[in-house]
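The values are calculated or read from the model by the stated rules, or taken from the named source; none is laboratory data. Fair warning: this is a prediction, and the values are worked out from it, not measured in the lab. Quick reminder, even Gly has a Cβ in these numbers, built from the backbone with ideal geometry, and neighbours come from all protein chains shown.
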Amino acid sequence: MKRLFLIFCGFFFAACSARDVSERFCLLVAPNTYILNFGYNSARMNADAEREITDVAQSLKPDQHIELYGNIAYAGVPQVQLDLAFARLQAVAGVLMDAGVKSRQIYLNMQPETPRIGLDAPVSIKDERHQIFMEIR
């Protein structure tokens with residue numbers, strides 16, 4: 001199921017550019033699947049972003065859990081990219097726990113970013129996708 005989710009995300013991103021999905025912090029892309037957009041080289045969220053995550057957390061049922069997938073960028077210093085992806089995961093998990101989600105309901109996953117080519121390739125490093133995928137199961 002995890003592979004199907006990742007394949008879906010690949011097809012979704014092939015269909016739309018980073019600028020299309022960056023208008024909102026929390027974007028619903030499929031039932032129970034969200035993309036959380038972050039700024040370049042940042043793990044900080046504004047009040048609107050925290051409110052959107054809190055709304056998702058409040059709709060969570062006690063028997064459900066949330067899986068967060070952090071992307072490790074392929075460009076740049078590997079340890080820095082790993083630390084940044086983990087900081088983003090921690091930021092989202094912190095907001096979820098502040099909203100009442102128990103830590104045992106949150107799963108953190110790291111995955112390498114897939115290089116983009118062709119028309120979807122980034123023009124500059126700031127065009128890279130800085131996102132966390134959130135899936136409710």
Handout entry: Matching residues, the stretch 28-40, being out of contact with any strand residue (DSSP E or B) (no Cβ under 8 Å at 6 or more places or on another chain), over 26 Å from ALA75 (Cα atoms) and either surrounded by 14 or more Cβ atoms within 10 Å (Cβ to Cβ) or not aliphatic (A, V, I, L, M) (or both)
Key = PRO31
Practice task
Confirm whether ALA43 is in contact with a Pro (Cβ under 9 Å, 6 or more places away or on another chain) and either modelled with pLDDT of 85 or more or surrounded by fewer than 17 Cβ atoms within 10 Å (Cβ to Cβ) (or both).
Solution key: no
Exercise for the section: Please work out if ARG129 is in a loop (DSSP other than H, G, I, E, B), in contact with a strand residue (DSSP E or B) (Cβ under 9 Å, 6 or more places away or on another chain), modelled with pLDDT under 95 and surrounded by 13 or more Cβ atoms within 10 Å (Cβ to Cβ). Expected result: yes
Practice task
Would you mind telling me which numbered condition in (1) surrounded by 16 or more Cβ atoms within 10 Å (Cβ to Cβ); (2) at pLDDT 95 or above LEU84 fails?
Solution key: (2)
Exercise for the section: Filter the stretch 27-50 down to residues that are among the charged types (D, E, K, R) and touching a helix residue (DSSP H, G or I) at 6+ places or on another chain (Cβ under 6 Å), then give me how many there are. Expected result: 1
Completion exercise
TYR69 meets each of (1) within 12 Å of GLU135 (Cα to Cα); (2) surrounded by fewer than 19 Cβ atoms within 10 Å (Cβ to Cβ) with one exception, condition (2)
